[in-house]
Ligand SMILES: [Zn+2]
Ligand SMILES: [Zn+2]
Ligand SMILES: [Zn+2]
């Protein structure tokens with residue numbers, strides 16, 4: 001009996017040339033094979049990802065090492081993110097404190113739309129009235145309103161244009177006929193079998 005490991009290496013499944021471990025048929029790296037069933041040993045393949053020869057279930061390209069690697073990376077990333085989260089919370093806290101200070105000491109007003117504080121002059125409308133939203137938010141709202149009226153209102157156009165409605169109905173009818181034709185042909189082809 002050879003004292004070489006009973007497992008394989010490389011894409012062409014060459015015999016492993018390392019020595020057996022004591023009380024085992026396999027070398028140190030291939031000790032895991034001792035846990036395999038005969039079927040698993042038979043179904044051995046070369047993993048394209050970790051380059052090891054091991055049992056890979058049918059239909060799988062890798063042994064699962066890629067998934068494990070991705071999981072490990074995700075965990076690492078999460079750990080690295082933790083200090084960032086704490087820093088962010090601290091920043092948020094400081095921002096809140098600063099807002100409170102501006103309100104208390106400078107008479108700033110909190111805008112209910114953008115949740116930012118602005119000087120009182122920012123809350124005076126074009127007619128000199130007190131406004132709920134700050135200057136910025138009013139400007140954004142104005143632009144949004146202008147854009148909305150510019151967009152085409154199709155349901156309204158359909159209502160005002162009977163020809164368009166007719167066209168849409170006709171298209172639906174045509175396509176229904178086509179669909180029926182398909183179904184008929186399909187049934188006939190089945191009968192022939
Ligand atoms: Zn080996
Ligand atoms: Zn692998
Ligand atoms: Zn605002």
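The values are calculated or read from the model by the stated rules, or taken from the named source; none is laboratory data. Note that this is a predicted model, so its numbers are computed, not measured. Neighbour counts run over all protein chains shown; Cβ positions are idealised from the backbone, glycine included.
Please work out which residue is nearest to the chain's Cα centre (by Cα), limiting yourself to the stretch 49-59 and to residues that are under 19 Å from residue 27 (Cα atoms) and within 8 Å of ligand 2 (Cβ to nearest atom). Can you show your working first?
Taking the stretch 49-59 as the starting set, the residues that turn out to be under 19 Å from residue 27 (Cα atoms) are 50-55.
Cutting the leftovers down to within 8 Å of ligand 2 (Cβ to nearest atom) gives us 50-52, 54.
Details: 50: 26, 51: 29, 52: 31, 54: 31 Å.
Restricting to residues being under 19 Å from residue 27 (Cα atoms) and within 8 Å of ligand 2 (Cβ to nearest atom), the top hit is 50.
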query: Out of all the residues in the stretch 54-65, is one or more farther than 21 Å from residue 138 by Cα and part of a helix (DSSP H, G or I)?
result: yes
task: Filter the stretch 17-48 down to residues that are assigned to a loop (DSSP other than H, G, I, E, B) and within 16 Å of ligand 2 (Cβ to nearest atom) and give me whichever is surrounded by the most Cβ atoms within 10 Å (Cβ to Cβ).
output: 30
- prompt: Is there a residue being at pLDDT 90 or above and within 16 Å of ligand 1 (Cβ to nearest atom) anywhere in the stretch 75-89?
  reply: no
- line: Taking the stretch 89-117 and keeping residues under 35 Å from the mean Cα position of the chain (by Cα) and at positive phi leaves 115
- line: Within the stretch 1-14, restricting to residues that are at pLDDT 95 or above and more than 43 Å from the chain's Cα centre (by Cα), the one that is farthest from residue 49 (Cα to Cα) is 4
- prompt: Is it the case that some residue within the stretch 68-86 is within 10 Å of ligand 2 (Cβ to nearest atom), free of Cβ contacts under 8 Å to residues at least 24 places away in the same chain and either within 30 Å of residue 135 (Cβ to Cβ) or loosely packed, with under 14 Cβ neighbours inside 10 Å (or both)?
  reply: yes
